[in-house]
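The values are calculated or read from the model by the stated rules, or taken from the named source; none is laboratory data. If you're wondering where the values come from, they're calculated on a predicted model, not measured in any experiment. Glycine also receives a Cβ, built like all others from the backbone with ideal geometry; neighbour counts cover every protein chain displayed.
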Amino acid sequence: MAQEKKLGLQTSISGGPLADRLAIVSEAEQLGYTSLWIAEVSGPDAFVSLAALALNTNKAELATGVVPIQIRTPGVMAMGFLTINELSGGRAIAGLGVSSPVIVERWHGASYRKPVTAMRECVTIMRQLFTDGRSKFAGEIYKSDFRLGMRATAPRPPKIYLAALNAPMLRLAGEIADGVLMNYSPPEAIAPMVQHIHEGAKAAGRDPSAIDVGIYIRMCITTEEDKAVDSFRRELAGYAFVDSYNKMFARYGLSAEFDEVRRLWKEGKRGEAPKAIKEESCRKIAVFGPAKAGRDFVARFREAGVTHPVVFPIGPAATSARDYPATMRALAGA
């Protein structure tokens, strides 16, 4: 029996009247999107948002894309995902990431120590709670002696996907997760990343083909391509100060541009800094223009080994009410 063709959509229930946002989400499900993803940075809260989606959708999987593991305990996250799973009838995906030192330490006052070890231990505790309702664990980063007080009735436990950019986390995803969510990568970079995932799976005695390979694919279906590219430049510039992203972008030949972003920023030329990122670089990892360009981009990712592309509509805030639904509708079924 052929596997379902997966296609996700990054969404949010903020940025407009709630009824309008929920109508868009409902339309996405009707158009055939098989998963709906909500990112969490500085609001809205991903768990509360997914609860709203759980009560207003019927079929699509509901995923965090992603929540930082350090700012909630593994037990608190397990309770949240199990609750979403119950509300949705078994459709929850726990998308987990290690975020960045700025977010974890400066914003939240938590520890960013040994992120790969922390992720392994966090997933261990959450799996115990998902499957047994009981966790007894003592690791290097986390300790847990905790029993759930809720009874799970959903047909399956929440799935676990890891956000991964570089080899250590990609291999860990292959070893312990149900799937992986990659980000800001061009199609030509996917094959070696998938290889790391498969190496991790094989080392753990798992079937590599059982690991779902997802990626956020940023795009804006628009006739105002120049404005969309400029908006994306500003988005990318913010990652020039995140080491894990810089390491990844260096593989794609963008080191000099991000060095220049940092130089201009430190000199106080913050308005000029994003301009150091070339349009060619923006178009390497995102797509802007007609629907065919977006659909062709998704096809290239599938050919490279992605099994779960996730459409991530982007563009200027001033035109998001137009660009988001246009992109969503244009990519349906891609």
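Of the residues that sit in region 61-78 and are among the aliphatic types (A, V, I, L, M) and over 16 Å from the mean Cα position of the chain (by Cα), which one is surrounded by the most Cβ atoms within 10 Å (Cβ to Cβ)? Write out each step before concluding.
The initial filter retains those residues of region 61-78 that are among the aliphatic types (A, V, I, L, M), namely 62-63, 66-67, 69, 71, 76-78.
Those still in the list that are over 16 Å from the mean Cα position of the chain (by Cα) too: 71, 76-78.
Numbers: I71: 16, V76: 12, M77: 23, A78: 26.
Among residues in region 61-78 that are among the aliphatic types (A, V, I, L, M) and over 16 Å from the mean Cα position of the chain (by Cα), the one surrounded by the most Cβ atoms within 10 Å (Cβ to Cβ) is A78.
Consider region 105-126. How many of its residues are farther than 15 Å from A78 by Cβ, touching a residue at least 12 places away in the same chain (Cβ under 8 Å) and in contact with a Phe, Trp or Tyr (Cβ under 8 Å, 6 or more places away or on another chain)? So that I can check it myself, show each step before the final result.
First, the residues of region 105-126 that are farther than 15 Å from A78 by Cβ: 105-118, 120.
If we keep only those that are touching a residue at least 12 places away in the same chain (Cβ under 8 Å) as well, we get 107-108, 110-118, 120.
Adding the requirement that they be in contact with a Phe, Trp or Tyr (Cβ under 8 Å, 6 or more places away or on another chain) leaves 118.
Here the count works out to 1.
Please go through region 253-278 and give me each residue that is within 24 Å of the chain's Cα centre (by Cα) and surrounded by fewer than 19 Cβ atoms within 10 Å (Cβ to Cβ), ordered by number. So that I can check it myself, show each step before the final result.
Taking region 253-278 first, the residues within 24 Å of the chain's Cα centre (by Cα) are 253-255, 258, 274, 277.
Answer for region 253-278, where residues must be within 24 Å of the chain's Cα centre (by Cα) and surrounded by fewer than 19 Cβ atoms within 10 Å (Cβ to Cβ): G253, S255.
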Considering residues of region 79-103 that are in a helix (DSSP H, G or I) and within 17 Å of the chain's Cα centre (by Cα) only, the residue farthest from I141 (Cα to Cα):
F81
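Is it the case that some residue within region 252-273 is touching a residue at least 40 places away in the same chain (Cβ under 8 Å) and under 22 Å from P101 (Cα atoms)?
First, pick out the residues of region 252-273 that are touching a residue at least 40 places away in the same chain (Cβ under 8 Å): 252.
Now restrict to residues that are under 22 Å from P101 (Cα atoms): none.
No, because not a single residue in region 252-273 is touching a residue at least 40 places away in the same chain (Cβ under 8 Å) and under 22 Å from P101 (Cα atoms).
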Scan region 232-252 and tell me whether some residue there is loosely packed, with under 14 Cβ neighbours inside 10 Å, among the aliphatic types (A, V, I, L, M) and either modelled with pLDDT of 95 or more or over 20 Å from P187 (Cα atoms) (or both).
no
Which of (1) polar (S, T, N, Q); (2) without any contact (Cβ under 8 Å) to a residue 24 or more places away in the chain; (3) under 30 Å from R113 (Cβ atoms) does Q10 not meet, given it meets every other one?
(2)
With A210, A191 as the choices, which residue is surrounded by fewer than 17 Cβ atoms within 10 Å (Cβ to Cβ) and within 24 Å of R295 (Cα to Cα)?
A191
Inspect all residues belonging to region 101-117 and state whether any of them is surrounded by fewer than 16 Cβ atoms within 10 Å (Cβ to Cβ), among the polar types (S, T, N, Q) and within 26 Å of G200 (Cβ to Cβ).
yes
Taking C122 and the conditions (1) part of a strand (DSSP E or B); (2) buried (at least 16 other Cβ atoms within 10 Å of the Cβ); (3) out of contact with any Ser or Thr (no Cβ under 6 Å at 6 or more places or on another chain), which numbered condition does it fall short on, given that it satisfies the others?
(1)
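Given the criteria on the phi < 0 side of the Ramachandran plot, in a loop (DSSP other than H, G, I, E, B), out of contact with any Lys or Arg (no Cβ under 6 Å at 6 or more places or on another chain) and among the basic types (K, R), does R206 qualify? Please lay out each step first, then the result.
Values: on the phi < 0 side of the Ramachandran plot: yes; in a loop (DSSP other than H, G, I, E, B): yes; out of contact with any Lys or Arg (no Cβ under 6 Å at 6 or more places or on another chain): yes; among the basic types (K, R): yes.
Against the criterion (on the phi < 0 side of the Ramachandran plot, in a loop (DSSP other than H, G, I, E, B), out of contact with any Lys or Arg (no Cβ under 6 Å at 6 or more places or on another chain) and among the basic types (K, R)), R206 qualifies.
With the requirement that a residue be surrounded by fewer than 19 Cβ atoms within 10 Å (Cβ to Cβ) and aliphatic (A, V, I, L, M), what does region 194-207 give you?
Within region 194-207, the first condition is being surrounded by fewer than 19 Cβ atoms within 10 Å (Cβ to Cβ), and the residues that meet it are 195, 199, 202-207.
Selection gives A203, A204.
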